[in-house]
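Before I ask anything, let me first share the structure, which is written out below as structure tokens.
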Ligand code: COS
């Protein structure tokens with residue numbers, strides 16, 4: 001379908017696709033098996049000026065928004081959802097600065113991300129703070145001109161590889177969700193170290209690591225927005241990055257669909273290509289319908305957010321749910337179309353199925369997204 005992209009958006013999409021086809025697809029299975037972080041691909045993305053598509057021009061970016069970021073993520077994910085995540089995870093770590101950073105913070109950090117010289121990461125999740133984001137126990141205590149951070153963040157994408165970390169910590173235990181604050185922490189700060197690296201089912205080219213803060217002192221200038229704003233920083237960031245997860249899911253689904261279509265045109269059983277069987281045709285048709293519906297919603301949601309709309313939580317959650325549920329269904333069906341071959345590691349679809357699963361879980365499970373959607377619907381109804 002023609003989504004009437006601008007010339008620049010089409011260029012971003014085409015360039016990302018070329019990199020995905022030529023540089024990522026050939027190494028995706030190997031990187032998955034070895035759990036290798038894609039520093040070489042990040043360098044290619046940086047050299048191609050894709051790292052700053054969502055960052056304002058004054059900070060060295062291309063001046064686009066969520067939509068441009070999603071276009072890159074979608075195309076990279078067609079080839080590898082794990083490799084694409086190093087890019088998407090940097091977006092997640094950077095958006096708190098884009099949304100809430102002061103001039104000094106933006107001037108210092110955004111050009112580093114835009115140039116691709118530095119990656120970012122977002123630290124919200126902890127052992128007791130998953131779906132319940134307000135369960136954060138990491139503390140930040142003001143001491144003169146510094147905050148002292150103590151606690152452990154869990155499952156942090158880009159952990160160890162990123163240089164810039166946006167961290168949510170508790171500054172006042174008595175204030176509930178208004179007792180959290182957001183901070184920027186640089187890699188290498190004394191008292192900030194990396195713990196366990198996870199061994200995951202999918203997205204294995206992405207690193208998922210514990211962040212450990214032990215009396216870690218950061219200058220008070222690293223506070224984002226104001227004390228007490230941390231929960232809002234996290235929620236508003238996630239509202240803008242969940243479409244990125246949706247784009248990742250969309251790309252994974254598209255990649256699996258393309259493999260399934262190609263394979264069904266080559267595989268012969270009962271002296272015919274299996275694409276001549278209606279059973280296979282219907283699976284392919286359903287895949288195409290679900291993918292295109294997801295793409296339409298993801299693109300439109302991104303444009304809606306980029307328009308500056310205020311109330312975006314419901315739409316952001318809806319596109320994340322639709323695209324990730326689609327990715328899980330489509331990749332599972334792609335394995336089915338390939339049959340026994342689909343189950344083998346020589347073919348890419350079993351990896352795509354493993355990669356798809358996380359998109360239903362991270363940046364808020366699809367159950368949490370449905371809660372958000374339902375609560376917004378009820379709110380809308382009560383204000384009519
Ligand atoms: N934008 C702005 N403000 C928001 C908001 C949003 N999207 N969502 C909530 N808030 C505000 C609320 O309005 C409320 O403000 P007041 O204190 O002024 O009333 C405050 O934040 C607390 O909101 P709420 O009571 O709804 O918080 P809950 O603790 O019930 O949690 C959910 C709400 C479940 C939506 C939140 O915990 C969540 O998003 N969980 C998933 C977290 C997640 O995505 N984890 C993955 C880790 S990141 S990879």
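Looking only at the range 203-241, how many residues end up being under 21 Å from residue 107 (Cβ atoms) and not in a helix (DSSP H, G or I)?
Number of matching residues: 7.
Could I ask something else about it? Going by the conditions given, is residue 298 within 14 Å of the ligand (Cβ to nearest atom) and either crowded, with 17+ Cβ neighbours inside 10 Å or outside any helix (DSSP H, G or I) (or both)?
Working: within 14 Å of the ligand (Cβ to nearest atom): no; either crowded, with 17+ Cβ neighbours inside 10 Å or outside any helix (DSSP H, G or I) (or both): yes.
The answer is no for residue 298.
Where residues in the range 176-228 are on the phi > 0 side of the Ramachandran plot and within 16 Å of the ligand (Cβ to nearest atom), which of them is surrounded by the fewest Cβ atoms within 10 Å (Cβ to Cβ)?
The residue in question is 176.
Restricting attention to the range 333-347, does a residue exist that is assigned to a helix (DSSP H, G or I) and under 20 Å from residue 245 (Cα atoms)?
No: zero hits.
A further question follows. Exactly one condition in (1) more than 17 Å from residue 229 (Cβ to Cβ); (2) surrounded by fewer than 23 Cβ atoms within 10 Å (Cβ to Cβ) is false for residue 156; which is it?
(2)
Just to check your reading of the model, which residue among 265, 244 is within 16 Å of the ligand (Cβ to nearest atom) and assigned to a helix (DSSP H, G or I)?
Just one listed residue meets the conditions, 244.
Which residue out of 17, 13, 36, 43 is in a helix (DSSP H, G or I) and more than 26 Å from residue 300 (Cα to Cα)?
43
Against the conditions (1) within 16 Å of the ligand (Cβ to nearest atom); (2) in contact with a helix residue (DSSP H, G or I) (Cβ under 8 Å, 6 or more places away or on another chain); (3) not in a strand (DSSP E or B), where does residue 166 fall short? Just the number, please.
The single condition residue 166 does not satisfy is (3).
Could we say that residue 231 is over 28 Å from residue 42 (Cα atoms) and within 24 Å of the chain's Cα centre (by Cα) here?
Values: over 28 Å from residue 42 (Cα atoms): yes; within 24 Å of the chain's Cα centre (by Cα): yes.
Here the answer is yes, as residue 231 does meet what is asked.
Find all pairs meeting these conditions: Cβ atoms under 6 angstrom apart; at least six residues apart or on different chains; first residue within the range 191-209 and free of Cβ contacts under 8 Å to residues at least 12 places away in the same chain; second residue surrounded by fewer than 21 Cβ atoms within 10 Å (Cβ to Cβ) and in a loop (DSSP other than H, G, I, E, B).
That search, which allows pairs on different chains as well, returns nothing.
Look at residue 347 and say whether it is in contact with a strand residue (DSSP E or B) (Cβ under 9 Å, 6 or more places away or on another chain), at pLDDT 95 or above and surrounded by 14 or more Cβ atoms within 10 Å (Cβ to Cβ).
no
Just to be sure, is residue 231 touching a helix residue (DSSP H, G or I) at 6+ places or on another chain (Cβ under 6 Å) and either at negative phi or within 16 Å of the ligand (Cβ to nearest atom) (or both)?
yes
Please work out if residue 314 is outside any loop (DSSP other than H, G, I, E, B) and either touching a residue at least 60 places away in the same chain (Cβ under 8 Å) or touching a helix residue (DSSP H, G or I) at 6+ places or on another chain (Cβ under 6 Å) (or both).
Yes, satisfied.
For the range 121-143, give me each residue that is assigned to a loop (DSSP other than H, G, I, E, B), over 22 Å from the mean Cα position of the chain (by Cα) and without any contact (Cβ under 8 Å) to a residue 60 or more places away in the chain.
Across the range 121-143, the qualifying residue is only 137.
Going through 249, 256, 260 one at a time, which residue ends up being assigned to a helix (DSSP H, G or I), within 15 Å of the ligand (Cβ to nearest atom), in contact with a helix residue (DSSP H, G or I) (Cβ under 9 Å, 6 or more places away or on another chain) and within 29 Å of residue 35 (Cα to Cα)?
249
Does residue 273 satisfy the condition of being farther than 21 Å from residue 362 by Cβ, modelled with pLDDT under 95 and more than 20 Å from the chain's Cα centre (by Cα)?
Values: farther than 21 Å from residue 362 by Cβ: yes; modelled with pLDDT under 95: no; more than 20 Å from the chain's Cα centre (by Cα): yes.
For residue 273, the condition - farther than 21 Å from residue 362 by Cβ, modelled with pLDDT under 95 and more than 20 Å from the chain's Cα centre (by Cα) - is not met.
Does residue 66 count as under 17 Å from the mean Cα position of the chain (by Cα), modelled with pLDDT of 95 or more and buried (at least 21 other Cβ atoms within 10 Å of the Cβ)?
The answer is yes for residue 66.
Let me ask you something else. Given the options 312, 358, 305, 378, name the one that is buried (at least 24 other Cβ atoms within 10 Å of the Cβ) and either at positive phi or within 13 Å of the ligand (Cβ to nearest atom) (or both).
Details: 312 fails: buried (at least 24 other Cβ atoms within 10 Å of the Cβ); 305 fails: buried (at least 24 other Cβ atoms within 10 Å of the Cβ); 378 fails: buried (at least 24 other Cβ atoms within 10 Å of the Cβ).
Answer to the check: 358.
Which condition breaks for residue 116 when tested against (1) away from the ligand (no atom under 16 Å from the Cβ); (2) under 19 Å from the mean Cα position of the chain (by Cα); (3) buried (at least 23 other Cβ atoms within 10 Å of the Cβ)?
Just one mismatch for residue 116, condition (3).
The values are calculated or read from the model by the stated rules, or taken from the named source; none is laboratory data. Predicted model only: the values in this text are computed from it and were never measured. Glycine also receives a Cβ, built like all others from the backbone with ideal geometry; neighbour counts cover every protein chain displayed.
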